[in-house]
Amino acid sequence: MKSNIVLIGFMGVGKGRTARALAEKTGMFAVDCDDLIESFSNMKVREIFSEFGEPRFRELEQQVAVWLQKQVRNTIISTGGGFFNVPNIRKIGKVVYLHADFNQILETIYAHPNAKKKIKKRPLLNDLAKARTLHESRLPLYRNVADIEIQVGGKTVEQISNAIIKKARLK
């Protein structure tokens with residue numbers, strides 16, 4: 001049986017669309033951690049942050065991580081930008097870090113047909129200096145937990161998914 005693939009990386013790097021492409025190419029399932037958190041809590045992520053703050057969101061994220069470890073197999077898991085901090089991440093599956101530099105991430109988000117919606121979903125982008133600092137501070141942390149790193153800047157989702165399939169030996 002194939003193990004799970006856990007996609008980590010900064011917001012806007014393409015974890016969700018890469019998970020869907022990988023699922024299509026490999027026949028594996030794809031799940032999104034933020035969707036799971038919303039299902040577990042019956043609230044939108046932005047509502048959780050607004051009403052209860054980041055600490056509650058991180059508690060729910062850890063609950064999802066435990067559930068994934070115990071219940072999910074043969075699945076591509078796209079995560080939120082901070083999911084790499086869950087202590088059991090390596091027990092969930094092979095961790096693949098999708099990396100792009102900060103300017104490439106911004107270009108991708110702003111070029112998207114639904115850019116306004118994508119930016120609204122990421123309130124941190126209202127303060128680009130703070131977002132850039134966070135991106136830089138997380139780089140070594142992402143690399144520390146990753147089994148595989150894939151450079152995604154300037155690549156198509158097809159190229160990215162093919163690189164993951166090759167490096168993770170999914171076929």
Query raised in the report: Any idea which residue in the stretch 17-33 is surrounded by the fewest Cβ atoms within 10 Å (Cβ to Cβ), counting only those that are part of a helix (DSSP H, G or I) and touching a helix residue (DSSP H, G or I) at 6+ places or on another chain (Cβ under 6 Å)?
Result: ARG17
Report summary line: Exactly one of GLN104, GLN69, GLN63 is over 14 Å from the mean Cα position of the chain (by Cα), at pLDDT 95 or above and either buried (at least 16 other Cβ atoms within 10 Å of the Cβ) or small (Gly, Ala, Ser) (or both), and that one is GLN69
Query raised in the report: Can you pull out the residues in the stretch 148-171 that are of a type in the set (D, E, K, R) and not in a loop (DSSP other than H, G, I, E, B)?
Result: GLU149, GLU158, LYS166, LYS167
Report summary line: ARG73: passes all of (1) assigned to a loop (DSSP other than H, G, I, E, B); (2) more than 19 Å from MET28 (Cα to Cα) but (2)
Query raised in the report: All but one of (1) farther than 26 Å from GLN104 by Cβ; (2) surrounded by 16 or more Cβ atoms within 10 Å (Cβ to Cβ); (3) more than 13 Å from the chain's Cα centre (by Cα) hold for LEU36; which doesn't?
Result: (3)
Query - Leading residue by the ranking (surrounded by the most Cβ atoms within 10 Å (Cβ to Cβ)) among those in the stretch 77-101 that are of a type in the set (D, E, K, R) and more than 21 Å from GLU59 (Cα to Cα) - result: LYS94
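The values are calculated or read from the model by the stated rules, or taken from the named source; none is laboratory data. Predicted model only: the values in this text are computed from it and were never measured. Note that each Cβ is placed from the backbone with ideal geometry, even for glycine, and that neighbours are counted across all protein chains shown.
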